[in-house]
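Visitor: First the structure, then my questions, so here it is.
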Amino acid sequence: MHALRDRLTVEEVAQLAAQLPMLVRGLYYEGWDPTGKPLKERHKEAFLAHVAEELKTPSGPAVDPEAATRAVFKVLSREISQGELEDILGLLPKELRALWPQG
């Protein structure tokens, strides 16, 4: 979620956070510095490298970054409003929108 958060505008970060449960919202904001945001990662590889960095353990990523991203996006697509989902997708380039579940 941090990689997505860092790719959104400050306004969208707050709007998405408002729809998250309190505990998840705390994790979502953990370590966030809005300076220099949103990041301009336009390609899937760069975005997934950001995810891998967030998942990094001493022995490497704990899980596959693309699988983790797709799982988070699947849960978010079920839990947030359709309007918020459309706002988020509207801010993402095609390569990143393709990571969200279809339908």
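Visitor: Here are labelled values, (1) 102; (2) 130; (3) 118, and one is the computed volume of the Cα convex hull per residue in Å³ for what I pasted. Which one?
Guide: Computing volume of the Cα convex hull per residue in Å³ and matching it to (1) 102; (2) 130; (3) 118 gives (1).
Visitor: Write out the trypsin sites (Lys or Arg not before Pro) in segment 9-103 meeting two conditions: DSSP loop, and at most 10 other Cβ atoms within 10 Å of their Cβ.
Guide: Those satisfying the criteria are Lys40.
Visitor: Once the piece of chain linking Arg42 and Lys74 is laid out straight, how much longer is it, given 0.36 nm per residue of separation minus the C-alpha distance between them?
Guide: Length gained, Arg42 through Lys74: 9.5 nm.
Visitor: Further, regarding this structure: Only residues of segment 56-75 count here: report those whose backbone N is under 11 Å from the spot 7 Å along Cα→Cβ of Gln102, or say none.
Guide: Backbone N within reach: none found.
Visitor: Right, another one. Across the chain, how many lysine pairs, 8 or more positions apart or on different chains, have C-alpha atoms separated by under 21 Å? Please give the number.
Guide: Close lysine pairs found across the chain: 6.
Visitor: Related question: Sorted from fewest to most neighbouring beta carbons within 10 Å, what does the list Val51, Val72, Val24 look like?
Guide: Val24, Val72, Val51
Any read-out appearing in this document is the output of simple, stated calculations on the displayed coordinates, not a laboratory observation. The structure presented is a predicted model; accordingly, all values stated were derived computationally and were not measured. Methodologically, a virtual Cβ is constructed for each residue, glycine included, from the backbone with ideal geometry; neighbour enumeration extends over all protein chains shown.
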